[in-house]
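One structure is given here, and the rest of the page talks about it.
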6 protein chains.
Amino acid sequence: MSFMARADGRSPDQLRPVTITRGWLAHAEGSVLVEFGGTRVLCAASVQDSVPRWRRGSGQGWVTAEYAMLPRATNTRNDRESVRGRIGGRTHEISRLIGRSLRACVDYKVLGENSIVIDCDVLQADGGTRTAAITGAYVALADAVRWMRERKMCNGDPLVDSVAAVSVGVVGSTPLLDLCYTEDVAAETDMNVVMTGSGEFVEVQGTAEGKPFNRGALDELLDLGVAGCAELTRLQREALA
Amino acid sequence: MSFMARADGRSPDQLRPVTITRGWLAHAEGSVLVEFGGTRVLCAASVQDSVPRWRRGSGQGWVTAEYAMLPRATNTRNDRESVRGRIGGRTHEISRLIGRSLRACVDYKVLGENSIVIDCDVLQADGGTRTAAITGAYVALADAVRWMRERKMCNGDPLVDSVAAVSVGVVGSTPLLDLCYTEDVAAETDMNVVMTGSGEFVEVQGTAEGKPFNRGALDELLDLGVAGCAELTRLQREALA
Amino acid sequence: MSFMARADGRSPDQLRPVTITRGWLAHAEGSVLVEFGGTRVLCAASVQDSVPRWRRGSGQGWVTAEYAMLPRATNTRNDRESVRGRIGGRTHEISRLIGRSLRACVDYKVLGENSIVIDCDVLQADGGTRTAAITGAYVALADAVRWMRERKMCNGDPLVDSVAAVSVGVVGSTPLLDLCYTEDVAAETDMNVVMTGSGEFVEVQGTAEGKPFNRGALDELLDLGVAGCAELTRLQREALA
Amino acid sequence: MSFMARADGRSPDQLRPVTITRGWLAHAEGSVLVEFGGTRVLCAASVQDSVPRWRRGSGQGWVTAEYAMLPRATNTRNDRESVRGRIGGRTHEISRLIGRSLRACVDYKVLGENSIVIDCDVLQADGGTRTAAITGAYVALADAVRWMRERKMCNGDPLVDSVAAVSVGVVGSTPLLDLCYTEDVAAETDMNVVMTGSGEFVEVQGTAEGKPFNRGALDELLDLGVAGCAELTRLQREALA
Amino acid sequence: MSFMARADGRSPDQLRPVTITRGWLAHAEGSVLVEFGGTRVLCAASVQDSVPRWRRGSGQGWVTAEYAMLPRATNTRNDRESVRGRIGGRTHEISRLIGRSLRACVDYKVLGENSIVIDCDVLQADGGTRTAAITGAYVALADAVRWMRERKMCNGDPLVDSVAAVSVGVVGSTPLLDLCYTEDVAAETDMNVVMTGSGEFVEVQGTAEGKPFNRGALDELLDLGVAGCAELTRLQREALA
Amino acid sequence: MSFMARADGRSPDQLRPVTITRGWLAHAEGSVLVEFGGTRVLCAASVQDSVPRWRRGSGQGWVTAEYAMLPRATNTRNDRESVRGRIGGRTHEISRLIGRSLRACVDYKVLGENSIVIDCDVLQADGGTRTAAITGAYVALADAVRWMRERKMCNGDPLVDSVAAVSVGVVGSTPLLDLCYTEDVAAETDMNVVMTGSGEFVEVQGTAEGKPFNRGALDELLDLGVAGCAELTRLQREALA
């Protein structure tokens, strides 16, 4: 084969070992510790029987997310955003992505005037933290919804589908699935693919890192992403079974 | 035809009238007022003969961008981010996108240890502010580079290509090019495509608004975006001639 | 003559070319691009059918203003106040001055419980940005008031007079009207005069830059300012005709 | 006489009782508790043997001031600016005014590369806090300069003059000197006059509160201000003797 | 005796001269200038006929405190927290301690739905600012309560006891009462003791500075603190008589 | 016995089950997941070969700590301090306590000009988070020191002792060791005791919650705390063996 072997011996289209541990926290209505290899994200879903001001009286609910990273999740320590007094652009961007992704599978009318906030805190980072966060957050959301349904807080199932996400990228001319940190740093092109369990796209974000990419590379990356999301959907279903 | 007529009578694959006015500001090394229909963005390129701390001694330059919107660029007034004391997530996200896009066409070694900051201030908003900003910012950047070359600040041309961007989206099942505000609000899927003048992708960001999209829709949107960027590249060349 | 010629050939008591362009923005209820020579300020008036909390139930309205400068309005780039996370003292001071000046010509009872916010954004700076802002803001305010009267939002005309402003200063012992940036920097004394259309003072702010001034100089500067404001009032009336 | 009697029985051109207590603090190089009637401001001058970055290597010094008010200096409690996380426009404006006023009497070259910061903290407010602050701050500055000269930190006397300030205003058509709070609130026109000991103007700030004023009123207010500053200059000299 | 003489000649178990001046401010419902030697704290109690949101409808009141230091209270100047845009950890910690201490002697039900805020501003610092603040704040609180009772704002006396505080510490192996700044800096162990007038503990905070302490030292320090608080309680009663 | 049974059946002088898991993170030089019953704190020690500015050139090192809580560590969700833009008083206070406690066992000269930052993030809270954090942080610190010694970054062992902490309190008149959340809320008196492995006090913080306490209660609480810290010291040693 023409591609360089991956550091952990995976084939180009192989996910890292994925673990989805439900109920990791005692207090949250839904909680998941999700691991994509060395990436470890704690997802906590909090149910509130109210909605933001702009939503009141609409009869509809809301789902939002916040992403953050512990200072020593990474190889060198990062200052806390609370200490710096402001949230960085990357954090903002990822929080918004996770929220949008989850909202793609929610029927707000069925949810009723309730909110669910999903906190995704990266305890350890090794690439793909945002895609692991989305994949885990969906499971935490599903558990929070079960909790609500047991308490008759919503009329039916507000989840119309599931959502999973994976990163793909071109490293040394080879398209790879689920990049770890060293691959991510070396990637010429980096893409995050968010899909529903029924195989449609929620979000596609491809970025040239260093050099632009053509339509052929884009298509190859999408193929890898589609397959990866399908596998993650299967693992989510297994975890929730 | 099966699609609803566009409010301004355009065909689905037609750009709004685009105007690129160079030299709009007296002080900036490069400046452009770019208009995509009713969207009006002032792009100012500032040259500095220094680089950020992390870049010093590398012999390489840096290009970055900041995006903002005047309070009454929009239909109703928005509070100033300076008054609120913090930059919102959307602003952060777009500033980062513009910076990344421009950096895709820069050779940092040729630029030398100099920085160029491109300020993109939306004076009036009618959809597609980020893509207009990228398209105009490239022209301001090109003018700033000319200014530098006249002063022998860099060894050759640091611009290895050009960059342009356009929004595309699916409205009422019809893929449309260059959405205006009312179309953007109604879009089921929204995508921003950033491309080089030589026809390669720098950034592809597709988002399901309301309902997920399939591979076919994605391909149609990419086709529209590719054609739109090619036309914008032509207009940039014309403006710079 | 004993005074040094002005850089642009003006006589000491001459204004720079003044342009007042109404309706520069599509969305604002009143908008003006005002130019005093190279100084260019975009003034946007926003009408709101509510008043600040402390004013509620009073049957009276409120008028306020916010001043800001784009990063590259000036010769070298300034960091954004939104990025620094706080508004500087100069910005605060000028915003307050513009608001006070405009309020001098408003009858709050006639305005009813409505607010008008005037955003004055300096697109390009060449001295006298605050006086240009006041002069333009009045015209934007007058347009916003027309818009309200067409919609019967107020009982009669809440504008009891007009307001205009100009800078004056002593440069090289000569009193000059309407200083441009290089004159402003060289001025020994600097004064801003805000007057009503009927020729009374709203605000007089004289500052010794470098050396104190005596009553004679103060009187000469006031004479120049009175004449300058009268001419600006004439231009405002012309623009609004 | 046609004017209404003042609440405290003063004649229109009479100052409130003024007290200037030097050496009120143990640590500061100069410190003064200044009282204008019920207004009580603590002025502390701090000497530093360095200058701000932009001043380094110039051989010249710098003088600056910071104004603030204790939360319960006023009739009702105000939130702390430190708690709100930002300095208000009024505070900024007054700090800048005090700094500019003091700098009018300083020869930076004689001062050498040293800084003096004057902190003016209002312990109790009853109108005229900014003018009391300037008047007291000058005395604290003079004491700090003495302290420096005893230590041979500057070559000669960097103070080329003295500075004092007073408020004047029109209340019920009568021009009054040194307004207390209730007069300040009722004033139609309000003016602050800052003058050197040799009788020249450093700053004149006149503001119409409610209704504009004509040249005659302006002249009367200036006359009152000139006399008031002369008397304050006499009291400063007495205190420093 | 084996201990080193104290700089000011005090015996180890002797307080510095304590002065409690009531009614130092004209506007506050209760105000005290408290002095422990060179430490001088202005305590102002503000009564509000409302309570924080979380307390509304409970029929119960609230007491809170804010501590701050003027920039030149200390030997070298400190930047203002308002200028830095955030409150430091030490300030937060001391504000919380003062509030908790005062609340220990308040019956909220008798206070009714009213709030008292005690502002403790250090005008001059020479060690023990937090204990002086608590001791003075209680007296200001007592005066504010009198003011309320005269106006029938509460049903009876909401003060069930009094509160006083003192610092103790081990310096050069000798336990000392009421440390001044130079002793505080040299202390191996530092303790703040807050007690009620009836001799019970409200707060005990002992900290090893440099080297840990044993139970014997802890007991000796508590003995000193108990005696010091008893003496301060006597002085508070005298001041309030 | 006269005391109420504890919810989890513990005797009054019994710790909750304590778990100390070393090496929980891949990147940090030392890391521990410490559990006191349902309280779970992740402690990460980061080594830096530099010291804060004020420490440079001293030849001595520095140890500091930051404490924070995940939004859903508690029963109901708390807003993030990064989102609010400021750190709360409680967080500041605990961060400072942890830092001071750890510094009590460090010889800065042996540490050399290196820093260790210990991040203590509460993943789940059930009372005693600060004492669990100190106890775990010491173990993470010890591991970071081992890592440094293996790399010869310090000359010998900079740890002169160990540090552990426990909470004690009076609930329903009974002194209890290691309060869980429901006990903490019900406590009349609450105390945190920090001790060295050799049995001396580093910090004692006792607070009356609701009603003051006498010397007898203080002594009983200290006895419990001394025994609890001894047991925690034993568990730390076991974990590090």
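The values are calculated or read from the model by the stated rules, or taken from the named source; none is laboratory data. Only a predicted model underlies this, so the values are computations on that prediction, with no experimental measurement involved. Here the Cβ positions follow ideal geometry from the backbone for every residue, glycine too, while neighbour counts run over all protein chains shown. Areas reflect the complete protein model, heavy atoms only, side chains present, ligands, DNA and RNA absent. Shrake-Rupley method; radii C 1.70, N 1.55, O 1.52, S 1.80 Å.
With respect to B:TRP54, determine if the residue is out of contact with any Asp or Glu (no Cβ under 9 Å at 6 or more places or on another chain), aromatic (Phe, Trp, Tyr) and within 14 Å of chain C (Cβ to nearest Cβ). Judged against the criteria, B:TRP54 is not a match.
Results for (1) within 12 Å of chain B (Cβ to nearest Cβ); (2) assigned to a helix (DSSP H, G or I), shown as yes or no for each residue.
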{"site": "A:VAL185", "(1), (2)": "no, yes"}
{"site": "A:VAL194", "(1), (2)": "yes, no"}
{"site": "A:SER198", "(1), (2)": "yes, no"}
{"site": "A:VAL202", "(1), (2)": "yes, no"}
{"site": "A:ASP219", "(1), (2)": "yes, yes"}
{"site": "A:ASP223", "(1), (2)": "yes, yes"}
{"site": "A:GLY228", "(1), (2)": "no, yes"}
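Is at least one residue of the stretch D:32-52 among the charged types (D, E, K, R), more than 14 Å from the chain's Cα centre (by Cα), surrounded by fewer than 23 Cβ atoms within 10 Å (Cβ to Cβ) and not in a loop (DSSP other than H, G, I, E, B)?
Here is the first cut: in the stretch D:32-52, the residues among the charged types (D, E, K, R) are D:35, D:40, D:49.
Next cut, more than 14 Å from the chain's Cα centre (by Cα) only: D:49.
Now narrow it down to the ones that are surrounded by fewer than 23 Cβ atoms within 10 Å (Cβ to Cβ): D:49.
When the remaining residues are screened for being not in a loop (DSSP other than H, G, I, E, B), the result is none.
No, the stretch D:32-52 contains no residue that is among the charged types (D, E, K, R), more than 14 Å from the chain's Cα centre (by Cα), surrounded by fewer than 23 Cβ atoms within 10 Å (Cβ to Cβ) and not in a loop (DSSP other than H, G, I, E, B).
Examine the stretch D:97-110 for a residue that is more than 20 Å from D:GLN205 (Cβ to Cβ) and more than 13 Å from chain C (Cβ to nearest Cβ), and state whether such a residue exists. Scanning the stretch D:97-110 turns up at least one residue that is more than 20 Å from D:GLN205 (Cβ to Cβ) and more than 13 Å from chain C (Cβ to nearest Cβ). Of all residues in the stretch D:92-103, one or more are touching a residue at least 40 places away in the same chain (Cβ under 8 Å), over 27 Å from E:ALA44 (Cα atoms) and aliphatic (A, V, I, L, M).
What number of residues within the stretch B:67-76 satisfy the criterion of being within 7 Å of chain C (Cβ to nearest Cβ), part of a loop (DSSP other than H, G, I, E, B) and among the hydrophobic types (A, V, I, L, M, F, W, C)? Show your work before the answer.
Step one: filter the stretch B:67-76 for residues within 7 Å of chain C (Cβ to nearest Cβ), giving B:68, B:70-72, B:74-75.
Within this subset, residues satisfying the condition of being part of a loop (DSSP other than H, G, I, E, B) are B:70-72, B:74-75.
Pick out the ones that are also among the hydrophobic types (A, V, I, L, M, F, W, C) and you get B:70.
Number satisfying all stated conditions: 1.
Of the residues making up the stretch D:150-169, those that are within 30 Å of D:GLU220 (Cα to Cα) and among the hydrophobic types (A, V, I, L, M, F, W, C) are D:VAL160, D:VAL163, D:ALA164, D:ALA165, D:VAL166, D:VAL168.
The residues of the stretch C:126-142 that are of a type outside the set (Gly, Ala, Ser) and either under 24 Å from D:GLY210 (Cβ atoms) or open to solvent by 20 Å² or more (accessible area, probe 1.4 Å) (or both), listed by number, are C:ASP126, C:ARG130, C:THR131, C:ILE134, C:THR135, C:TYR138, C:VAL139, C:LEU141. If you go through the stretch D:118-141 and keep only what is closer than 18 Å to D:GLU231 by Cβ, touching a Leu at 6+ places or on another chain (Cβ under 7 Å) and hydrophobic (A, V, I, L, M, F, W, C), you end up with D:ALA137, D:VAL139.
Inside the stretch E:69-125, can you point out the residues that are of a type in the set (S, T, N, Q) and open to solvent by less than 40 Å² (accessible area, probe 1.4 Å)?
At the first step, the residues of the stretch E:69-125 found to be of a type in the set (S, T, N, Q) are E:74-76, E:78, E:82, E:91, E:95, E:101, E:114-115, E:124.
Once the filter is applied, which keeps residues that are of a type in the set (S, T, N, Q) and open to solvent by less than 40 Å² (accessible area, probe 1.4 Å), the stretch E:69-125 yields E:THR74, E:SER82, E:THR91, E:SER95, E:SER101, E:ASN114, E:SER115, E:GLN124.
Please determine, by comparing only the residues of the stretch F:82-116 that are of a type in the set (A, V, I, L, M) and in a loop (DSSP other than H, G, I, E, B), which one is farthest from the chain's Cα centre (by Cα). Across the stretch F:82-116, the extreme among qualifying residues is F:ILE87.
The combined condition, being of a type in the set (Ser, Thr, Tyr), at the interface with chain B (Cβ under 10 Å from one of its Cβ atoms) and open to solvent by 10 Å² or more (accessible area, probe 1.4 Å), is fulfilled by A:THR207. When E:GLU150 is tested against (1) out of contact with any helix residue (DSSP H, G or I) (no Cβ under 9 Å at 6 or more places or on another chain); (2) under 28 Å from E:ALA73 (Cβ atoms), just one condition goes unmet, and that condition is (2). Filtering the stretch D:53-64 to residues that are part of a strand (DSSP E or B) and open to solvent by 10 Å² or more (accessible area, probe 1.4 Å) leaves D:TRP62, D:THR64. Tallying residues that are over 28 Å from B:ILE98 (Cβ atoms) and either touching a Leu at 6+ places or on another chain (Cβ under 7 Å) or of a type in the set (Val, Ile, Thr) (or both) within the stretch A:172-223 yields 5. Scoring A:LEU159 on the criteria (1) closer than 17 Å to A:LEU232 by Cα; (2) open to solvent by 20 Å² or more (accessible area, probe 1.4 Å) leaves a single failure, condition (1). Restricting attention to the stretch E:175-197 and to residues that are of a type in the set (S, T, N, Q) and more than 15 Å from E:GLY210 (Cβ to Cβ), the residue that is most open to solvent (accessible area, probe 1.4 Å) turns out to be E:THR182.
Given the residues A:ASP79, A:ASP13, which is the only one that is over 22 Å from the mean Cα position of the chain (by Cα), in a loop (DSSP other than H, G, I, E, B) and more than 14 Å from chain B (Cβ to nearest Cβ)?
Numbers: A:ASP13 fails: over 22 Å from the mean Cα position of the chain (by Cα).
The match here is A:ASP79.
For D:ALA7, the criteria (1) over 17 Å from D:GLU113 (Cα atoms); (2) open to solvent by less than 60 Å² (accessible area, probe 1.4 Å); (3) out of contact with any Lys or Arg (no Cβ under 8 Å at 6 or more places or on another chain) hold in every case but one, which is (2).
How about the stretch A:119-167: which of its residues are assigned to a loop (DSSP other than H, G, I, E, B) and within 14 Å of chain F (Cβ to nearest Cβ)?
Within the stretch A:119-167, A:ALA125, A:ASP126, A:GLY127 qualify.
Going through (1) more than 14 Å from chain C (Cβ to nearest Cβ); (2) hydroxyl-bearing (Ser, Thr, Tyr); (3) closer than 22 Å to C:GLY210 by Cα one by one, D:THR39 falls short only on (3).
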